[in-house]
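Each remark here refers to the structure printed beneath this line.
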Amino acid sequence: MDSGAAPGEILDEGMISAMDEIGTGFKENRIFMPQMLVAAKTMQSGLELLKPHLKGDASASKAGKAVVGSVMGDVHDIGKNIVAIMLEGIGLEVVDLGADVPNEQFLEAIRDGGDVKYVAASSSMTPTRASLKAVVESIKGSEYRDSVVVMVGGATMDQLYCDEIGADIYTADAASASQRAKEIKGGRPVSDVAADSRNVAMASMGRMSASSEEADEEFTGIRRHLLEPAIRQVGHSERKPLSTKDNLLETLKHEKGCPDRYVNQYGFFDLVFDPVLFRSFNLGAFFGGVPEFEDGWGVPQQFPAGSGGPHPSGTVIKDITHWQDYVKPPSMEFTAADWAPTKEQAAGIRGGDKFLGIAMLTGLFERTHFHLGMQEALVEYYEHPEEMQELIDYFTEWEIQSLDEVFANIEPEVLFHHDDWGTAINSFLDPVSHRKFFYEPYKKIYNHFRELGGEIVIHHSDSWAANLVPIWCDMGVDIWQGPIADNNIPDLIDRYGDKLTFMGGIDDAFVDIPDWNAEVVAKYVEQQCDAIGTTSFIPCLTRGLGMSVFPGVYDCISETIDKVSARKF
């Protein structure tokens, strides 16, 4: 400004154009969440400096206001926060309602806001889709319908649901949302922008089958997902049906194995909820449906009604450079009475036809953002990598100790480890950073599990994380539970199906919804099984643990898998 540049010019040609590049890189999986957040944080700081000067700058276009919020019941806010920053970056005045916003508050914000031209509402949990629908319907039924553009997004959203509820525009990420708003701000008709956005979204929904066909040209390895079930060659009459355990072990041999049916979701192992897990996760509050509680590490948690699980709601570590002052691990001291119910349960499982499993439900990455907050943790990976590595190593040693305690009392065969490593469209960290921070710690944990006598490692991440699969193979994961279909599971099986089994492909965002229909669910399950094949694949709801939020969905999927097995095997 001292050199004569207009504030509007600085905003439009400097900051907004830079964020456009950041957004494009994010959509193309070249830039990841930490870099996106650091850029957005910088943008926000620049805007604070420019705001007083923009008011008197004739070159700065006045584009009205945008109301932004996560709908009622949804406590996720990281995507919503980035949308808010990027909409502000294109010249909009943003009214950020926060998360878990009552439905009527969106309409009230339009009435009270004055020049509101956009509403951006997010739903990241399937039970909250009904809230999003109610918000859209209230705006559609008001006098503001023709003057306000309704934009929707979030992990549970897709173009089909956007069309069903009558929203104007659906986008999968914050960069796309700001780009669409920028086009409308520039004078492009909303109908044209919506049509382009719809075409992009529908093309993305077909990404799995399209990229699978393209792989014929770009991949010359074994087409594992196309292999006929080996049982076809052996013949049913030549051997007895396999036990549940043996069928899994044959599946884990990949194309060299001979399972006689699909492994059906979680049906091959039973979990015991041991005292370590019970204390660290505070399972008493979890099973009791307590809406707000602290876990064993002192992290505040919210458990919204209808949600699949609790979500961290507070920050424990106030300063990453002094993290030791804030982290208080759960006690590892237990009595014989504490272990007695678990030992009894474990003895009953060992006598049956399923593997005995234990769960670690908050992994190393999750533990960092539970303590710091998601946005803060992702930025700290970028700004304070040494301290973050120290923190991860600390959590790793605690997990090693917890395994020692468990194996001193029972001898589990399966470790189900929960650590979400991505969103629906990207991994949280780029592969280089992921390997740097997590490869050695997880290899240490999984090697220790096997040294103690454990057999099978299942790692859960219901996300897009195809770029991390080579790292998973190297760190000793046997089964990736939770891969959503957009990972292009057939291609991953072709490339890595000699090392890793993929347990998922049935996206809960499509089927575990309030108005689910048994016929639609069955058709979707059959479609996914036919597309992905029988090798190195366990058809399963992507959600962690053998359950569904809405009663009947999980059972409907299991019944369909059995029917498809009878046909395919």
Correct option for semi-axes √(5λ) of the Cα gyration tensor in Å [calculated from the coordinates] among [x] 61, 33, 26; [y] 42, 28, 22; [z] 63, 32, 19: [y]
FRET efficiency estimate (nearest 0.05) - Cβ-Cβ, Thr315 to Glu9, R0 56 angstrom: 0.90
Lys, Arg +1 and Asp, Glu -1 on Cβ, resulting dipole of the chain about Cα centre, debye, nearest 20: 920
Charge dipole magnitude, Cβ of K and R +1, D and E -1 - the range 487-527, Cα centre, debye nearest 20: 180
Residue-level accessible surface for Ile392, protein heavy atoms, 1.4 Å, Å²: 0
Over the chain, relative contact order from alpha-carbon pairs under 8 Å, at least 6 apart, %: 14
For the range 117-156 versus the range 469-534, the gap between their alpha-carbon centres in whole angstrom: 30
Å² of accessible area per residue within the range 302-411, as computed with a 1.4 Å probe and no ligands counted: 44
Contour minus Cα-Cα distance for Asn517 and Asp196 (0.36 nm per residue): 112.6 nm
Positive-pole candidate from Ser243, Met86, Ile231, dipole of the chain, charges at beta carbon: Ile231
Packing-based order for 411-418, 341-348, using average beta carbon neighbours within 10 Å, highest first: 411-418, 341-348
Pairs from Lys117/Lys182; Lys523/Lys563; Lys253/Lys563; Lys240/Lys523 whose Cα-Cα separation, in the structure shown, is over 19 Å: Lys253/Lys563; Lys240/Lys523
Residue-normalised accessible area of the range 420-465, given per residue in Å² at a 1.4 Å probe: 35
Extension gain, Lys51 back to Lys499 (0.36 nm per residue minus Cα-Cα distance, nm): 155.9 nm
Efficiency of FRET from Cβ geometry, His322 and Ala408, R₀ 35 Å, rounded to 0.05: 0.55
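Return the carbon/sulfur percentage of the accessible area of the chain, one whole number, probe 1.4 Å, all protein chains in place.
Carbon-and-sulfur percentage of accessible area, whole number: 51.
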When each of Lys443/Lys568; Lys27/Lys499; Lys27/Lys444; Lys80/Lys185 is checked by Cα-Cα distance, pairs over 27 Å: Lys443/Lys568; Lys27/Lys499; Lys27/Lys444
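Between Ser147 and Ala305, what is the FRET efficiency for a Förster distance of 41 Å, r being their Cβ-Cβ separation, to the nearest 0.05? The partial results should precede the final answer.
Numbers: r = 34 Å, r/R0 = 0.83.
Rounded to the nearest 0.05, the efficiency is 0.75.
The values are calculated or read from the model by the stated rules, or taken from the named source; none is laboratory data. Note that the structure is predicted; figures quoted are calculated from it, not measured. Don't worry about glycine lacking a Cβ; one is built from the backbone with ideal geometry, like all the others, and counts go over all protein chains shown. To get the accessible areas, we keep the full protein, side chains included, count just its heavy atoms, and leave off ligands, DNA and RNA. Shrake-Rupley method; radii C 1.70, N 1.55, O 1.52, S 1.80 Å.
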